[in-house]
Every structure is written in structure tokens, then in C-alpha cells.
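Rule-based calculations on the coordinates, nothing more; no lab input. Here the structure is a predicted model, which means the values were calculated and not measured. FYI the Cβ positions are ideal-geometry reconstructions off the backbone, even for glycines, and counts take in every protein chain you see.
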Amino acid sequence: MNDMLEPTPDEESPEMIAADGPRVNDHFLGRLVDLVAQPSRLMENVGFAPRWWQAGLLVFVVIAAFSWLTVHISGPEQMEMMRDSRFTQLMPAGEWERAYADAMDPSMAKRITQSLGAGISTWVMMMVLSLVLGFFAKMSGGQGKMKQSMGIVHWASIIPFVIMVLIKLPLVLITESVFSVNLGLAALLGDTDPTNPLYHILATYGDFSNWWGLFVLVIGYRTVYRMTTAAAAVSVLLPWALLAAIPLAITLVMM
């Protein structure tokens, strides 16, 4: 009689499955190690306890710090990219020159505002991606919950927004250029021209850190949402490609 009341494997919830699985290294530093060494084990633990806010806070701190340390470099480069853009042509005479001078020597208030803004906007982006990918995974037959989707996305986002940013930081400070430091196909262009549309396309879709992060996302949804690899890949790659196209399109239009 008791056997009849026990759930079959198909009826088990993701939390029950994750709870029965290994929980080795299920602490903050252990999860960081597993992100690189054993992403499947990390995602099993994320399925049991998402703890998305831990990963989100780490991303926020690193992105804010990176922005603080490089705002005097990225600001002028962005202004140079906008020099002949449609947006700049609408500005009053002399406004671009004043904005460029401010970018060269940002005030303390501007550093704080831009640093916090960069961290917050990155965290908001991760939240939106969690909702979108969780929805697509559900539509593809996944059995997870939204808080688990948030855990998957936040922990996988450590790859592009923490690991790769920490690798790029010393290179940016040495070269004094954000645009010239690329860890992807955009590096094949040689002398980087930030006004070249191909540069922005390759920087968006050809970044190795994005590929690595997407690979871990597929593992996460396959593991936590109990999906096939093919279904998890479609649920991750298609919406990500569409979402990434939005800021890319805005950049290309404004150039």
C-alpha cells in the first residue's frame, strides 16, 4: 500500500531529485570551484538551494568595481565612438566637446553614479534573463521553478561578469582601452575600430566568455529542469540570441 503512494520517477519534483543527489561543495567557495570544474554538480546544488542572491551580489560588486576603475578610459572611448553618430549631430554646438572633457576627468559623483548604475543594470539584466529563460524552459517541458531559473542564470553569469572581467581588468588598465581588449572573435579584426559594425556583432555573438556561460546555462536547465540536452539548448540559445540583438541593434542604429 505504501509503495502505491510513493511517487514514480516521472512524478518526482526537481527539489526531490536534487535533494537525493550529491551536495558536495555546496557552499559559496565550493560553488565557485564547481562552476569551472564540475558545473553539473554545481547545478544539482543550485536546484536544491538556488542562493541566486549570493552570485548576484558578487557580480554587482565586481562590475561596479570594474566600472569605477575604468570609467576614465571607457568614457572617452564611448564619446569617440559617438563623435560622428546621428545622436551627436543633434547635439548643440560645443556640447560634444564639453561631454568629452567631462569623460576624460570624471568627478567623484560621476564615478559613483556610473559604477552603481553598471552594477545595478547588470543585475537587472540577469533577473530579466532568468524570467525569460525560465519561461522558455517551462514551455519546452521543463519541471523547474522560477527561483531555480534565477539560481541557474545568476551562477552561470559569474563566468562573463566576474571571471572574464577580472581577466580583462589588468589588460584594460595596461592598454588604456576597453574596446581593444577582446576575448573572442572580435580580436581577429586586429586594430579595433569601435565604429565598425562588424566589431560590435563579433563582440556580442563571438565572445568566448558568452559561449562558456551559455554552455553552463544549458547544463543548468538540463540538470535542474530535467530536460533533454536539445530542449535545454533551444530554451537557452534562442531567447539569448534575441535578447542580445536588442542592445546590438540600438548601438548600430545610433552609430
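Odds and ends about this structure:
- Fewest-first ordering of 234, 218 by other beta carbons within 10 Å of each residue's beta carbon gives 234, 218.
- Stretchable slack from residue 246 to residue 196, in nm (0.36 nm times residue separation minus alpha-carbon distance): 16.2 nm
- Bridging of residue 138 to lysines at a Cα separation below 22 Å is possible for 147, once same-chain residues fewer than 8 apart are set aside.
- Inter-label distance, nm, simple model (7 Å from Cα along the C-beta direction), residue 131/residue 38: 3.5 nm
- Residue 171 versus residue 187: modelled label distance in nm, points set 7 Å from Cα along the beta carbon direction: 0.5 nm
- Cross-link partners of residue 110 among lysines, defined as those whose alpha carbon lies under 28 angstrom from its own and excluding same-chain residues fewer than eight positions apart: 168.
- The stretch between residue 124 and residue 108, if pulled fully straight at 0.36 nm per residue, gains 3.3 nm over its current Cα-Cα span.
- Gained length - residue 228 relative to residue 97, 0.36 nm times residue gap less alpha-carbon distance: 41.7 nm
- Relative exposure of 240, 53, judged by other C-beta atoms within 10 Å (fewest first): 53, 240
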